[in-house]
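Colleague: Structure provided below as C-alpha cells; questions to follow.
What follows is calculated from the coordinates using simple rules that are stated; it is not laboratory data. Keep in mind the model is a prediction, meaning the values are calculated, not measured. Note: ideal-geometry Cβ built from the backbone for every residue, glycine included; neighbour counts use all protein chains shown.
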Amino acid sequence: MRSKTVGRILILSGIISPYYSAAQTQIVPDTLTMDLDRCISIALSDNPTVKVADMEIDRVDYAKKETIGQLLPSINFGASYNRTLEKQVAYMNMGGFGNMGGGSDDSGSDQPESRASSSKRGPGIKMGLDNSFQAGFTASMPLIAPQLWRTLKLNDSQILQNVESARASRLSLINQVKSAYYTLMLAEDSYKVIQENYDNAVFNHEVFVKKFQVGTASEYDVLRSSVQVKNVEPELLQAEIAIKQARLQLSILLGMDATYPIKAANTLSEYEKDMYERTLSIDRSIDRNTDLRALDIQTRILNESLTIQKMAWFPTISLSASYNWTSSSNGNPLRNFLWTPYSVLGVTFSLPIFEGGQRYHKIKQARIQVDEMSWQRENLERNINMQVDLAIDNIQKNVRQISSSAESVNQAVKAYDIMEKSFEIGAASYLDLRDAELALTQSRLAYYQSIFNYLIAGSELELLLGNADVEKYQSK
C-alpha cells in the first residue's frame, strides 16, 4: 500500500513538473525592456490626457487672437433691393393755389364754408420710384476701448491657467507611471523570490524521492516535500498574475498595445543605495505645488475681472465709415440703372452715466471673490504644509524599515545556510530547513515591499511639491 502511494506521487510529479517547468521557462516574444525614464517619456508624448491639455492651451491662445481682432477694423459689404408696391402720396397747402391738403388756409378763417371745403381734398403727389437698389461697404474700429484692452491681459491669465493645468496633468501622469513601474518591479522581484522558493521545494522533493527509492527516507518525507511543492504553486501563479496586471496597467498609461509585454530594466534593490542621500536632500518648498499655483492664477484672473468691471465707467470712442451706391428706377428692375455713390465718415462717443447701479454691484461682487481667494489660499497653504510634513515623515519611516528589512534578510540568509548544512549532515529535520527557508522568503518579500513603499511615498511627495523635472523626460 505504501509503495503504491509513493508510486502515484512519483508519477504525478513526473507528469506535472515538466509542464509546469516549461510554463515557467517559456519566453514571451517581443518583450520590451524599458527603464523608468523611458516609460515616462513615452507616456508624456502619447498619453491622450496630456494631448487634450495641450490643445486647451492652443484653444485659449486662439481666443486671445480673437480679442485682438476686435481692436482691428471690421469691414462688411451689404446690398439690398426694395420694390415699391404702393407709393406714398403727399398733400401740400400752398397759399394762392387752393387747399390741397384739407387744412386751414393762410387767412386763418374758421368759417363753416372753409371747413366744408377742406373735406374735399385735391389730387396728391405720389413720391418715390418703383425700384430701389443699395450696395456698399461699411467699416468700424474702436479708438478708445478700455474694457477691450484690459480683456487682453485677462486672456493672458487664462492661457497661464491652462498651461498650469497641462503641467498638473503631466505631473499626475508621471506619478501614475512611476507607481505602475514600481508595482511591476515589485511583482517581478517577488516572483523571483517565490520562484526560488519553488525551485528549492522541487529540488528537496526530488532528493527525498531518490532517498526513498534507496530506502534512506520515509514515505512521510516524500509526502511532506510533495505538499510543500503544491503549497508554493498557487503563490507562484498569483505572482504571475500580478506581473500581468502591472504590465497591463503600465501599457495603458504608455498608450501601447498590451500584446507587447513590458519588462522593467531595474530592480527594487538598486534604489537602496541612494535612498539616504535622496532623503536628506528633500526640498520641501511648496512654491511649485499645482493647486497653489492654480489658485494664484485664479486670483489673478479675478483681479483682472475686477479691473474690467471698473473700466465700464470709462468712455469709449469708435470710428465708423461707409461708402455706398444707390440706384432707383421705374418699371423693369433690370433696366434703367442709375448708380449714385455717397460716403459717410463718423466718430461715436459713448459715456455711461447710470444703469441702475449694475456696474457698482458687479464691482462689489468681484471684490468679495478676490477676498475669498485670499482666505482660500491661506487655508490651502496650511493644508499642503501639513501633507508635506506627513509625507516626509512617512519617507523617513520607510527608510528605517528598509534598513531593518535588509538586516533581517542578511540574518535569514545566515540562518538558512546554517540550517542547510545541518540538514545535510542529519543534524536538522526537513521541517527545520523548511522553516528557515520560509523565514528567508518572507524577509525578502518584506524587504522588497519596504523599498516599494519608500518609492511610492517619494513619488507622492514629488507630486505634492510639483517639482518633477518634466523637461528632462520630454527631451528624451
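Colleague: For helix 36-46, report the angle its Cα long axis makes with the longest principal axis of the Cα atoms of the chain; keep it between 0 and 90° and round to the nearest 10°.
Modeller: With rounding to tens, the tilt is 30 degrees.
Colleague: Can you list the aspartates and glutamates whose alpha carbon is less than 18 Å from that of K362, not counting same-chain residues fewer than 8 positions off?
Modeller: The reachable aspartates and glutamates, counting only those whose Cα sits under 18 Å from K362, are E304, D371, E372.
Colleague: May I ask you to list the trypsin sites (Lys or Arg not before Pro) in region 334-365 that are in a DSSP loop and have at most 16 other Cβ atoms within 10 Å of their Cβ?
Modeller: In loop regions of region 334-365 (DSSP not H, G, I, E or B), the sparsely surrounded trypsin sites (Lys or Arg not before Pro) are R335.
Colleague: Using bins 10 angstrom wide from zero, how does P(r) for region 246-376 break down, in % of all Cα pairs?
Modeller: With a bin width of 10 Å, the distribution comes to 8, 14, 13, 14, 13, 13, 12, 7, 3, 2.
Colleague: Now a separate question. So how much slack lies between L32 and S329, counting 0.36 nm per residue of separation and subtracting their Cα-Cα distance, in nm?
Modeller: Stretched fully, the L32-S329 segment lengthens by 98.6 nm.
Colleague: I would also like to ask the following. Return the whole-Å distance between the Cα centroid of region 238-274 and the Cα centroid of region 425-476.
Modeller: Here the answer is 14 Å between Cα centres.
Colleague: Distance cut-off 25 Å, Cα to Cα: go down the list K210/K414; K178/K397; K263/K421 and report the pairs above it.
Modeller: Among K210/K414; K178/K397; K263/K421, the Cα-Cα distance tops 25 Å for K210/K414; K263/K421.
Colleague: To continue, here is another question. Can you give the FRET efficiency to the nearest 0.05 for Q365 and Y260, using r as the Cβ-Cβ distance and R₀ = 60 Å?
Modeller: So, using R0 = 60 Å, E works out to roughly 0.60.
Colleague: Report the relative contact order of the chain, percent, no decimals, based on alpha-carbon pairs under 8 angstrom and at least 6 residues apart.
Modeller: For the chain, the relative contact order is 22 percent.
Colleague: Suppose we flag GluC sites (Glu not before Pro) only when DSSP calls them loop and at most 16 other Cβ atoms lie within 10 Å. Which is the longest uninterrupted stretch of the chain?
Modeller: 87-354
Colleague: Going through region 171-237, which trypsin sites (Lys or Arg not before Pro) have at most 15 other Cβ atoms within 10 Å and a DSSP loop state?
Modeller: none
Colleague: Kindly give the semi-axes, whole Å and largest first, of the ellipsoid equivalent to region 168-258, taking each as the square root of 5 times a Cα gyration tensor eigenvalue.
Modeller: Square roots of five times the eigenvalues give 43, 9, 8 Å.
Colleague: Using only Cα atoms, find the angle between the long axis of helix 2-25 and the longest principal axis of the chain, and express it within 0 to 90 degrees, rounded to the nearest 10.
Modeller: Result, in degrees: 40.
Colleague: Can you compute the equivalent ellipsoid semi-axes for the chain, i.e. the square root of 5 times each eigenvalue of the Cα gyration tensor, sorted largest first and rounded to whole Å?
Modeller: Whole-Å semi-axes of the equivalent ellipsoid: 93, 30, 18.
Colleague: In whole angstrom, how long is each semi-axis of the equivalent ellipsoid of region 323-412, when you take the square root of 5 times every eigenvalue of its Cα gyration tensor and sort them from largest down?
Modeller: With the √(5λ) rule applied to region 323-412, the semi-axes are 81, 29, 10 Å.
Colleague: Please tell me the relative contact order of region 201-285 in percent, rounded to the nearest whole number, where contacts are Cα pairs under 8 Å and at least six residues apart.
Modeller: Across region 201-285, relative contact order equals 18 percent.
Colleague: So what are the radius of gyration and Dmax for the Cα set of region 352-476, in Å?
Modeller: So, for region 352-476, Rg and Dmax equal 29.4, 106 Å respectively.
Colleague: What is the calculated FRET efficiency for S429 to E196, with r their C-beta to C-beta distance and R₀ = 30 Å, to the nearest 0.05?
Modeller: The calculated FRET efficiency here is 0.90.
Colleague: Could you give me the ³J(HN,Hα) list for region 304-313, computed from phi with Karplus coefficients 6.51, -1.76, 1.60 and θ = phi - 60°, whole Hz, x at Gly and Pro?
Modeller: Running phi through 6.51 cos²θ - 1.76 cosθ + 1.60 with θ = phi - 60° gives 5, 5, 4, 5, 5, 5, 5, 6, 5, 7 Hz.
Colleague: In addition: Relative to the first principal axis of the alpha-carbon coordinates of the chain, what is the inclination of helix 48-69, with its axis defined by its Cα atoms, in degrees from 0 to 90 and to the nearest 10?
Modeller: On a 0 to 90 degree scale, this one is about 20.
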